[in-house]
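See structure below.
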Amino acid sequence: MELNIDIQILKNQLSIDDCYEFILDETCGGICLFIGTVRNHNKGESVKFLDFESYAEMALKEMRQIAQECQSKFKAKKVAIHHKEGKADIKDKAVIIAISCIHRKEAFEACEYAIDQLKSRVPIWKKEHLADGSYWINSRP
Amino acid sequence: MKLKCFGVAKDIVDSSLLTIEEQDLTTVGELKAYLNKHYPTFSQYATYQIAVNHSIASDDQIISQMDELAIIPPVSGG
């Protein structure tokens with residue numbers, strides 16, 4: 001099972017090809033990729049860039065747990081979750097989730113489950129840099 | 001004991017590793033009470049959790065010097 005999971009936190013640009021190649025499987029007919037990208041605005045304010053910080057040991061453990069849940073709940077065959085660390089410019093990829101399943105329905109469901117879980121429980125933090133200052137998301141006074 | 005600090009917690013305590021000399025903190029709840037007392041800014045920002053050995057801990061969990069402790073502000077990855 002472990003051989004079918006690829007979890008990484010990377011300072012370099014994330015690679016869609018790396019994730020796709022990892023999860024490609026001869027028994028699977030449905031592949032779903034979710035890509036979270038950095039947008040140039042949030043809540044009416046103009047965003048210049050983001051900074052991602054992680055508690056790497058715990059984040060990798062939680063991401064692996066989420067991938068295993070995708071396998072147990074949705075029969076996912078292979079799961080890749082790559083997350084950015086450090087500075088991310090507008091349009092950069094913040095996260096890639098790639099999942100292969102026998103059929104498409106489970107692939108869509110597993111992908112949505114994985115990103116929802118990642119956003120709610122993986123210890124990674126996003127600092128938003130605006131024209132007039134910077135703020136940790138979800139921690140603004 | 002030492003606490004790893006991330007995100008807004010790092011800004012509040014002005015360090016990525018907070019050393020606490022207080023000897024009689026035996027539970028996560030007592031640790032939180034200590035933090036709230038010494039760093040009242042925490043309450044202005046957000047709720048936070050404590051991770052013990054890479055897992056989120058409840059207030060009644062026992063802690064020791066051997067544990068890896070971290071302050072976990074609201075996460076915002078993805």
Query raised in the report: Rounded to the nearest 500, what is chain B's calculated 222 nm mean residue ellipticity when only DSSP H runs of at least 4 contribute -39500 (n - 2.57) each, over all residues?
Result: -7500 deg cm²/dmol
Report summary line: When A:99, A:5, A:90 are arranged by how many other beta-carbons sit within 10 Å of their Cβ, fewest first, they go A:90, A:5, A:99
Query raised in the report: From the phi of every residue in the stretch A:83-97, what ³J(HN,Hα) in whole Hz does the Karplus formula 6.51 cos²θ - 1.76 cosθ + 1.60 yield, where θ is phi - 60° and glycine or proline is x?
Result: 10, 6, 10, x, 6, 10, 7, 4, 6, 5, 7, 8, 8, 10, 10
Report summary line: Using alpha carbon centers only, the stretch A:55-134 is separated from the stretch B:2-33 by a whole-angstrom value of 28
Query raised in the report: Can you list the residues, at least 5 places off or on another chain, whose amide H is less than 5 Å from the amide H of residue B:6, using H built in the peptide plane?
Result: B:71
Report task. For chain B, give the magnitude of the charge dipole about the Cα centre (Cβ charges: +1 Lys/Arg, -1 Asp/Glu; no others), in debye to the nearest 20. Result -> 260
Query - For the stretch B:57-70, 3J(HN,Hα) per residue [Karplus equation, 6.51 cos²θ - 1.76 cosθ + 1.60, θ = phi - 60°, Hz, x = Gly/Pro] - result: 10, 7, 4, 8, 5, 6, 10, 9, 4, 7, 6, 8, 10, 8
**Report entry** Rounded to 10°, Cα long-axis angle of helix B:28-38 versus longest principal axis of chain B
**Finding:** 60
Query raised in the report: Where in the stretch A:122-137 is the amide nitrogen less than 19 Å from a point lying 7 Å along the Cα-to-Cβ axis of residue A:61?
Result: A:122-125
Query raised in the report: For residue A:25 and residue A:49, what does the FRET efficiency come to when R0 = 41 Å and r is the distance between their Cβ atoms, rounded to the nearest 0.05?
Result: 0.70
Query raised in the report: Once the other residues with Cβ under 12 Å from the Cβ of residue B:15 are scored (Lys, Arg +1; Asp, Glu -1), what is the net sum?
Result: +1
Report summary line: Note, the stretch B:4-16: 3J(HN,Hα) by Karplus (6.51, -1.76, 1.60, θ = phi - 60°), whole Hz, Gly/Pro = x, goes 6, 10, 10, x, 5, 5, 5, 5, 5, 8, 6, 6, 8
Query raised in the report: Check residue A:47: other-chain or 5+ apart residues with amide H under 5 Å from its amide H, H built from backbone geometry?
Result: A:41, A:42
Query raised in the report: Mind checking which lysines have their C-alpha under 23 Å from residue A:84, skipping anything on the same chain fewer than 8 residues away?
Result: A:11, A:43, A:48, A:61, A:93, A:119, A:126, A:127, B:4, B:10
Query raised in the report: Across the residues of A:23-30, average count of Cβ atoms on other protein chains within 10 Å?
Result: 0
Requested in this report: Grab the other residues whose beta carbon is less than 13 angstrom from that of residue A:46, score K and R as +1, D and E as -1, and report the net.
Outcome: 0
Report task. Identify the residues of the stretch B:7-48 with backbone N under 15 Å of a label point that sits 7 angstrom from the Cα of residue B:65 along the Cα-to-Cβ direction, or state none. Result -> B:19-26
Report task. Spit out the partnerless Cys residues in chain A, using Cβ distances under 4.7 Å as the pairing rule. Result -> A:19, A:28, A:70, A:101
Query raised in the report: Against the longest principal axis of chain A, how steep is helix A:104-121, in degrees 0 to 90 to the nearest 10, with axes from Cα atoms?
Result: 40
Report summary line: Between the modelled labels at residue A:37 and residue A:135 (7 Å from Cα along Cα→Cβ) the distance in nm is 2.5
Requested in this report: Rounded to the nearest 500, what is the 222 nm mean residue ellipticity of chain A from helices alone, with -39500 (n - 2.57) per DSSP H run of 4+ residues and division by all residues?
Outcome: -10500 deg cm²/dmol
**Report entry** Rounded FRET efficiency, nearest 0.05, which uses the C-beta distance separating residue A:102 from residue B:22 and R0 of 45 Å
**Finding:** 0.25
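The numbers here are math on the coordinates, done by the rules we state, and not lab data. Every value quoted in this text rests on a predicted model; they were computed, and no experiment measured them. Backbone-built Cβ (ideal geometry, glycine too); neighbour counts: all protein chains shown.
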